[in-house]
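Here's the structure we're looking at; comments come further down.
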Amino acid sequence: MPLIAVVTPLFPIREEPYRGNAIYQTVVHLQRHADIEVICPVAVYPPLLVPRYRYYRVDHSYRPAGVRTVYVEYPAIPVLSRAVNGAVCAHRIAPYLERLNPDLILNYWLYPEGYSSVRVARRLGKPVIVASRGSDLRRIRDSITRRFVRLTLNRADFVLTVSQELRTRVIQMGVPPHRTRSIPNGCRHTVFHYAEPAPVRKQLGIGPGEKIILFVGWLTPGKGLPELLLAFRELAAEDPRVRLVCVGEGNYLSKIHEFMQSASLENRILLPGRCHSEQVAAWMTAADVFCLPSHSEGCPNVVVESVACGCPVVATQIGGIPELISEQCGILVPPQNPSLLAAALRTALSASWDRRSIANLSARSWQTVADETFEVCQTVIEQAQSRSFHQSSCPELS
């Protein structure tokens, strides 16, 4: 089997065991086709400049189940080191990649780690695939990052995305269409599947007649939580049975508490915190509607999982979300519009959804994702081997 080195900053750590879960699931199933070792670069900031959403140190002894993983730290300073982060990261991961001598480098996240992967791959003479997850391509906030992302995309042997919308963006940045492919996320159907809501609602303490709006994800403004709270306040004033459940953690938690107090909704909003997959699946089974009003998304796994559980979805019409939602399973709304979000939630809560039919729409597994990913990996490896053979046979072309 070929040896593939996966380079990504999005991978489980002890403090966040579900971090980068989509990549982790892909890697686990990719091991049916190849030997895999993951290199997870971790930016380390000066103690007084650590971003609130980042951990300062990673436990290097931690190992995600079933995957060979090494965590590699590189120094960084917020904003100030942005232009050199790619070069510094490349310097730190190069010894590991040189030792591994992989047949292919497969990267997830375009800058700085994708740039680093391409830079090291070119020095070692290895083929490299880079993959965009969404925000690394949709939310580029400065010209420096945009320049390096463009270089990364155009110098890689192949580019993967999780949606057709992202693939279109890649092509618009100069990558030939034949060197791109969209591979949407899959789902763990052993966890996320249809179940009768009634017993699960009883287990979670949801009262008869209560209407549950569910959000799952990082509690940040970019996930559309300000709009969701305003929409919920409107619905809560109309119907005392409506409840909002926000599963997750993040820097917007304090704002949610402030909102609950100012709007006198302390008993109408539930904050369970971070939940493991089985708990998330239970909430999706119990909820009347799942809501993801994000400002930017690639292929959000929570939408895939909600559909797999048979829970209808109200989400914003951005990124790859329209590729996941049809009239049969949800409603799409423009981003950052609380009144339209409230109207969509009102419609979804009053509609008669066929939850079993919604669940049947979800058939894509992580093994399928891994199989399709390996098809691309195998093609890129074979093309690199062919180039190497012709160069060795025709030294004048070297």
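Bear in mind that the values in this text are calculations on the coordinates, not laboratory data. Just so it is clear, the model here is predicted, and its values are computed rather than measured. We place every Cβ from the backbone using ideal geometry, glycine too, and count neighbours over all the protein chains shown.
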So how strong a dipole does segment 197-360 carry about its Cα centre when Lys and Arg Cβ are +1 and Asp and Glu Cβ are -1, to the nearest 20 debye? 320
Furthest towards positive pole of dipole, CYS291, VAL247, ALA198, structure part segment 197-360, Cβ charges: ALA198
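Can you give me the relative contact order of the chain as a percent, contacts being Cα pairs under 8 Å and 6 or more apart?
Values: 749 pairs, mean separation 60.3, N = 398.
Across the chain, relative contact order equals 15 percent.
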By how many nm would the segment from TYR45 to GLU327 lengthen if fully extended, with 0.36 nm per residue of separation less the alpha-carbon distance? 97.0 nm
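Ranked highest first by average number of other Cβ atoms within 10 Å, how do 115-128, 205-218 line up? Could the numbers behind the result be given before it?
Working: 115-128: 22.1, 205-218: 17.3.
Packing order, densest peptide first, comes out as 115-128, 205-218.
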Given R₀ = 45 Å, what would the calculated FRET efficiency be for SER264 paired with THR190, taking r from the Cβ atoms and rounding to 0.05? 0.60
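What FRET efficiency comes out for SER386 versus ASP239 if R0 is 41 angstrom and r is the Cβ-Cβ distance? Round to the nearest 0.05.
Details: r = 64 Å, r/R0 = 1.57.
Rounded to the nearest 0.05, the efficiency is 0.05.
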With only helices counted (DSSP H, runs n ≥ 4, each -39500 (n - 2.57)), the per-residue ellipticity at 222 nm for the chain, to the nearest 500, works out to -12000 deg cm²/dmol
So what's the gap between the Cα centers of segment 206-244 and segment 159-180, to the nearest angstrom? 35
In the Gaussian network model of the chain, springs joining C-alpha atoms below 10 Å, which of THR152, THR285, THR190 carries the largest mean-square fluctuation? THR190
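For a Förster distance of 51 Å, can you work out the FRET efficiency between the beta-carbons of ARG68 and TRP353, rounded to the nearest 0.05?
Numbers: r = 43 Å, r/R0 = 0.84.
Step by step, r from the Cβ atoms, then E = 0.75.
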Among the aspartates and glutamates, select those whose C-alpha is under 15 Å from the C-alpha of LYS223, and discard any that sit fewer than 8 residues away in the same chain. GLU249, GLU297
Put +1 on the Cβ of every Lys and Arg and -1 on every Asp and Glu Cβ in segment 197-360; which of GLN317, PHE232, GLY330 then has its Cα farthest towards the positive end of the dipole? PHE232
Per 0.36 nm of contour for each residue apart, how much would the distance between SER143 and MET173 grow if the chain were fully extended, relative to their Cα-Cα spacing? 9.4 nm
Evaluated at 4 °C and 1.567 mPa s, the Stokes-Einstein D of the chain based on the Kirkwood radius over Cα pairs, in µm²/s, stands at 58
Please work out how much length the chain gains when fully extended from CYS275 to LEU124, using 0.36 nm per residue of separation minus the C-alpha to C-alpha distance, in nm with one decimal. 50.2 nm
For segment 130-172, state which trypsin sites (Lys or Arg not before Pro) are in a DSSP loop and have at most 14 other beta carbons lying within 10 Å of their beta carbon. ARG139, ARG141
Taking 4 °C and 1.567 mPa s as the conditions, I'd like the Stokes-Einstein D for segment 197-360 in µm²/s, using the Kirkwood hydrodynamic radius from alpha carbon pairs. 84
Electrostatic dipole magnitude of segment 1-153 [Cβ: Lys, Arg +1; Asp, Glu -1; Cα centre; debye, to 20]: 480
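So if I place +1 on the C-beta of Lys and Arg and -1 on the C-beta of Asp and Glu, and nothing else carries charge, what would the dipole magnitude of the chain be about its Cα centre? I want it in debye, nearest 20.
On the way: 43 positive and 34 negative charges, 166 e Å.
The calculation lands at about 800 debye.
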Quick one: pull the percentage of alpha-carbon pairs in segment 241-284 with a separation above 17 Å. 35
Which percent of the Cα-Cα distances in segment 1-154 go past 18 Å? 56
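Using only alpha carbon pairs under 8 Å that are at least six residues apart, calculate the relative contact order of segment 197-360 and give it in whole percent. Intermediate values should be presented prior to the final figure.
Working: 294 pairs, mean separation 40.1, N = 164.
Normalised by residue count, the contact order of segment 197-360 is 24 percent.
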Report the residue, chosen from PHE192, PHE259, PHE290, that carries the largest GNM mean-square fluctuation when the chain is represented by alpha-carbon nodes joined by springs under 10 Å. PHE259
When you count, for each residue, the other Cβ atoms within 10 Å and take the mean per peptide, how do 79-88, 306-315 rank with the highest first? 306-315, 79-88
Axial C-alpha extent at least 15 Å, average Kyte-Doolittle at least -1.0 - helices from the chain (DSSP): 85-100, 143-155, 225-238, 338-350, 366-393
Fluctuation leader among PRO41, PRO184, PRO199 - the chain, Gaussian network, Cα springs under 10 angstrom: PRO199
Work out the charge dipole of the chain with +1 on the Cβ of Lys and Arg and -1 on the Cβ of Asp and Glu about the Cα centre, then indicate which of GLY186, PRO95, ALA263 is farthest towards its positive end. PRO95
